[in-house]
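I have placed the structure first, in the form of structure tokens, so that the comments after it can refer back to it.
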Amino acid sequence: MTQTVHRKVVLNAYPKGTPKPSDFRIEEGPIPEPGENEMLIRTLYLGLEPRTRLMLNPTTEDNKAMRPHGAMTDIGKVIPGTVLGVVIKSNNPKFNSGDLVEGFLGWQNYVVTDGEPHPTNNPEGVAICDPELADPIEFIGPLGAPGLTAILALKHEGKLQQEESIVITSAAGMVGCLAGQLALLLDAWVVGVTSTDEKCDYLMNELGFDAAINYKTTEDLDAAIKEACPDGVDYFFDNTGGDMAETIKANMSKNGRITRCGIIANYNKTGWNQSEQFDGQFSVHNHVSEYADARNTIADLLKDEGIQYQRKVFEGLDSAPEAFIALLSGQNIGKYIVQVS
Ligand SMILES: NC(=O)c1ccc[n+]([C@@H]2O[C@H](COP(=O)([O-])OP(=O)(O)OC[C@H]3O[C@@H](n4cnc5c(N)ncnc54)[C@H](OP(=O)(O)O)[C@@H]3O)[C@@H](O)[C@H]2O)c1
């Protein structure tokens, strides 16, 4: 359905801890017109990702080094997030009406952009999605940042050999479930760590993980890791950081490798030094030149059912805050997506 009003979700209040619905509000206005060298995109879907939470905090001593170009959002500004959309008007020779595009353009039903990278709100610029490669919706999941992160971290940092062990935190999340399945294809011994028995069942029985640990109910995580990886952990794919990560790091094998992929355990907290903790972290943005090859590999694996994932689609822009809060509360298996139009 085509909408006649520009609607956007903006920050109403800086969240304290886990965000609440009242931290967000909807604003409406006229549909913006593209200027010189700009295009108008109609949003089809939003891809929700935990890193948005980091952008909802005011700039402080703890995070100012991460924001050399200014705050990513602020009270009254649109919530940053991934958009899959269609170009409906273009004054930019690089983009044509009808192009399917993806970019970090915020939670809104229309967006005007020049498509270029902008450090504060769209660090990689707008990319055209090739519908021949896969269903466009895959470009905000396995063919987007989560899938590229999983495959490129495994390639550059994991370097898994057959029968080596890998432990993954937030293993049923989008990055985690893909990293685990890619590791299974390399004949590694794959152990997922997650928060519910339902997710453990999914990892073991649907995806074929070798072991799954419920970190909320396991009385002794250290003992559970030792039992799952008696020769030590050869590769730790860490999506969460926090105490759980410290316990797993204490169980690394002699040549163990660690990918520090994300620090979700801290995203709702204040008073931690983001620059210090993100220093040295794996960043998919450092491997842009490999995206095309990686996307081809993932698209083939999706077609051959070598990898799979679950996706839940929420209806309407207004559902984005509620879906995002559910994601941060650990309710998701795989990807949470909002259908906007
Ligand atoms: N380095 C990069 O270039 C790059 C690129 C993309 C994403 N990332 C990072 O990769 C990680 C995974 O991203 P994703 O998009 O796939 O999200 P995700 O793993 O689906 O994130 C949601 C999950 O995080 C877990 N979680 C939430 N709060 C937690 C807490 N306090 N402690 C531990 N776990 C918690 C929950 O899983 P459980 O039920 O298992 O607790 C929840 O289901 C994130 O840290 C993200 O920032 C990094």
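The values are calculated or read from the model by the stated rules, or taken from the named source; none is laboratory data. Remember, it's a predicted structure, so these values are computed and weren't measured experimentally. Note that each Cβ is placed from the backbone with ideal geometry, even for glycine, and that neighbours are counted across all protein chains shown.
When PRO119 is evaluated against the numbered criteria (1) modelled with pLDDT of 95 or more; (2) outside the structural domain of LEU186 (by TED's automatic domain parsing), which criterion, by number, is the only one it fails?
If we test PRO119 against (1) modelled with pLDDT of 95 or more; (2) outside the structural domain of LEU186 (by TED's automatic domain parsing), just (1) comes out false.
Considering only residues of the range 112-136 that are crowded, with 20+ Cβ neighbours inside 10 Å and not in a loop (DSSP other than H, G, I, E, B), which is farthest from the chain's Cα centre (by Cα)?
Here the residue is THR113.
Restricting to the range 272-307, and then to whatever is within 15 Å of the ligand (Cβ to nearest atom) and part of a loop (DSSP other than H, G, I, E, B), can you tell me which residue is surrounded by the most Cβ atoms within 10 Å (Cβ to Cβ)?
Looking at residues that are within 15 Å of the ligand (Cβ to nearest atom) and part of a loop (DSSP other than H, G, I, E, B), I get ILE307.
Of the conditions (1) in contact with a Leu (Cβ under 7 Å, 6 or more places away or on another chain); (2) in the same structural domain as MET39 (by TED's automatic domain parsing); (3) away from the ligand (no atom under 16 Å from the Cβ), ASP135 fails just one. Which one is it?
Evaluating ASP135 over (1) in contact with a Leu (Cβ under 7 Å, 6 or more places away or on another chain); (2) in the same structural domain as MET39 (by TED's automatic domain parsing); (3) away from the ligand (no atom under 16 Å from the Cβ) leaves (1) as the failure.
Take the range 159-198 and flag every residue that is closer than 24 Å to GLY242 by Cα and small (Gly, Ala, Ser).
If the condition is that a residue be closer than 24 Å to GLY242 by Cα and small (Gly, Ala, Ser), then SER165, SER170, ALA171, ALA172, GLY173, GLY176, ALA179, GLY180, ALA183, GLY192, SER195 are the ones that fit.
Look at the range 139-159 and say how many of its residues are in contact with a strand residue (DSSP E or B) (Cβ under 6 Å, 6 or more places away or on another chain), farther than 30 Å from LEU100 by Cα and in a loop (DSSP other than H, G, I, E, B).
Residues flagged as in contact with a strand residue (DSSP E or B) (Cβ under 6 Å, 6 or more places away or on another chain), farther than 30 Å from LEU100 by Cα and in a loop (DSSP other than H, G, I, E, B) within the range 139-159 amount to 0.
Filter the range 1-41 for residues that are aliphatic (A, V, I, L, M) and not in a loop (DSSP other than H, G, I, E, B); which is surrounded by the fewest Cβ atoms within 10 Å (Cβ to Cβ)?
ILE26
Tell me which residues, restricted to the range 203-239, are within 12 Å of the ligand (Cβ to nearest atom) and in contact with a Cys (Cβ under 8 Å, 6 or more places away or on another chain).
LEU203, ALA212, ILE213, ASN214, PHE237, ASP238, ASN239
Residue-wise test of (1) free of Cβ contacts under 8 Å to residues at least 60 places away in the same chain; (2) crowded, with 21+ Cβ neighbours inside 10 Å; (3) among the aromatic types (Phe, Trp, Tyr).
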{"residue": "THR43", "(1), (2), (3)": "no, yes, no"}
{"residue": "LEU46", "(1), (2), (3)": "no, yes, no"}
{"residue": "GLU49", "(1), (2), (3)": "no, yes, no"}
{"residue": "GLU61", "(1), (2), (3)": "yes, no, no"}
{"residue": "GLY70", "(1), (2), (3)": "yes, no, no"}
{"residue": "LEU84", "(1), (2), (3)": "yes, yes, no"}
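When residues of the range 84-111 are filtered for being within 19 Å of ILE140 (Cα to Cα) and outside any loop (DSSP other than H, G, I, E, B), how many remain?
Total satisfying the criteria: 12.
Take the residues in the range 45-68 that are among the basic types (Lys, Arg) and more than 15 Å from the ligand (Cβ to nearest atom), then tell me which one is farthest from the chain's Cα centre (by Cα).
Among residues in the range 45-68 that are among the basic types (Lys, Arg) and more than 15 Å from the ligand (Cβ to nearest atom), the one farthest from the chain's Cα centre (by Cα) is LYS64.
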